[in-house]
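Trainee: Quick one: the structure is below, and I'll ask about it shortly.
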């Protein structure tokens, strides 16, 4: 669902809002601003397409392995992993097809971002919360579960 919504919103932005244009939803607070980002968050790794594709693929594999090894009883753990995975895949698709990521959510006090970025951040925040609050108990290798 994250990948679908992410790609749909980027398609709509690319087809309906010229690059660099901005539409205020809440003037001075929230704008839809069409920005192409050839790098990563905060302008890091500009024009390093291959490196960012490799980092995305490694992150996707890590998320999948992490999910496979997790034994948490909390529904929020797989939900957080799903959000992070969907966001990583959404931006990876853009990097492979277009060589850049379309960003459009603009709060004016933060760099412009997209739904994939938000999904990754929210997903990782949920995972951190679960781990810090003990809702991720039972995490570890399958081998350790058998040994117990």
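The values are calculated or read from the model by the stated rules, or taken from the named source; none is laboratory data. If you're wondering where the values come from, they're calculated on a predicted model, not measured in any experiment. As a convention, Cβ positions derive from the backbone with ideal geometry for all residues, glycine included, and neighbour counts pool all protein chains shown.
Trainee: Do any residues in the stretch 101-118 that are in contact (Cβ under 8 Å) with a residue 12 or more places away in the chain and on the phi < 0 side of the Ramachandran plot have Cβ atoms under 6 Å from those of residues that are surrounded by fewer than 21 Cβ atoms within 10 Å (Cβ to Cβ) and in a loop (DSSP other than H, G, I, E, B), where the two are at least six apart or on different chains, and which pairs are they?
Mentor: Qualifying pairs under 6 Å: 103/112; 106/112.
Trainee: Something else: Considering only the stretch 37-50, how many residues are farther than 13 Å from residue 96 by Cβ, assigned to a helix (DSSP H, G or I) and at pLDDT 85 or above?
Mentor: Adding up the residues that qualify gives 0.
Trainee: Then there's this: Only one of (1) in a loop (DSSP other than H, G, I, E, B); (2) farther than 20 Å from residue 130 by Cα; (3) out of contact with any strand residue (DSSP E or B) (no Cβ under 6 Å at 6 or more places or on another chain) fails for residue 96. Which number is that?
Mentor: For residue 96, the exception is condition (1).
Trainee: Let me ask something additional. With (1) in contact with a helix residue (DSSP H, G or I) (Cβ under 8 Å, 6 or more places away or on another chain); (2) buried (at least 16 other Cβ atoms within 10 Å of the Cβ); (3) closer than 23 Å to residue 16 by Cβ; (4) modelled with pLDDT of 95 or more as the list, and residue 123 as the residue in question, which single condition is left unmet?
Mentor: Every listed condition holds for residue 123 apart from (3).
Trainee: So which of 54, 109, 105 is under 24 Å from residue 4 (Cβ atoms) and either touching a helix residue (DSSP H, G or I) at 6+ places or on another chain (Cβ under 8 Å) or modelled with pLDDT of 90 or more (or both)?
Mentor: Numbers: 54 fails: under 24 Å from residue 4 (Cβ atoms); 109 fails: under 24 Å from residue 4 (Cβ atoms).
From the options 54, 109, 105, the qualifying one is 105.
Trainee: Filter the stretch 18-36 for residues that are over 19 Å from residue 100 (Cα atoms), in contact (Cβ under 8 Å) with a residue 12 or more places away in the chain and surrounded by fewer than 10 Cβ atoms within 10 Å (Cβ to Cβ) and give the result.
Mentor: The answer is 28, and nothing else.
Trainee: Mind listing just one residue for me: the one in the stretch 126-148 that is part of a helix (DSSP H, G or I) and at pLDDT below 55 and, of those, nearest to residue 83 (Cα to Cα)? Break it down into steps so the answer makes sense when it comes.
Mentor: Filtering the stretch 126-148 down to residues part of a helix (DSSP H, G or I) leaves 126-132, 142-147.
After this cut, where a residue has to be at pLDDT below 55 as well, the list is 142-147.
On the way: 142: 23, 143: 27, 144: 27, 145: 26, 146: 29, 147: 31 Å.
Only one residue tops the list, namely 142.
Trainee: Further, regarding this structure: Which condition breaks for residue 18 when tested against (1) under 20 Å from residue 119 (Cβ atoms); (2) touching a strand residue (DSSP E or B) at 6+ places or on another chain (Cβ under 9 Å)?
Mentor: Evaluating residue 18 over (1) under 20 Å from residue 119 (Cβ atoms); (2) touching a strand residue (DSSP E or B) at 6+ places or on another chain (Cβ under 9 Å) leaves (1) as the failure.
Trainee: Go through the stretch 99-114 and report how many residues are under 12 Å from residue 42 (Cα atoms) and assigned to a loop (DSSP other than H, G, I, E, B).
Mentor: So the count comes out to 3.
Trainee: If you don't mind, another one. Kindly evaluate residue 77 against the criterion of being out of contact with any helix residue (DSSP H, G or I) (no Cβ under 8 Å at 6 or more places or on another chain) and either part of a helix (DSSP H, G or I) or on the phi > 0 side of the Ramachandran plot (or both).
Mentor: Values: out of contact with any helix residue (DSSP H, G or I) (no Cβ under 8 Å at 6 or more places or on another chain): no; either part of a helix (DSSP H, G or I) or on the phi > 0 side of the Ramachandran plot (or both): yes.
Criteria not met by residue 77.
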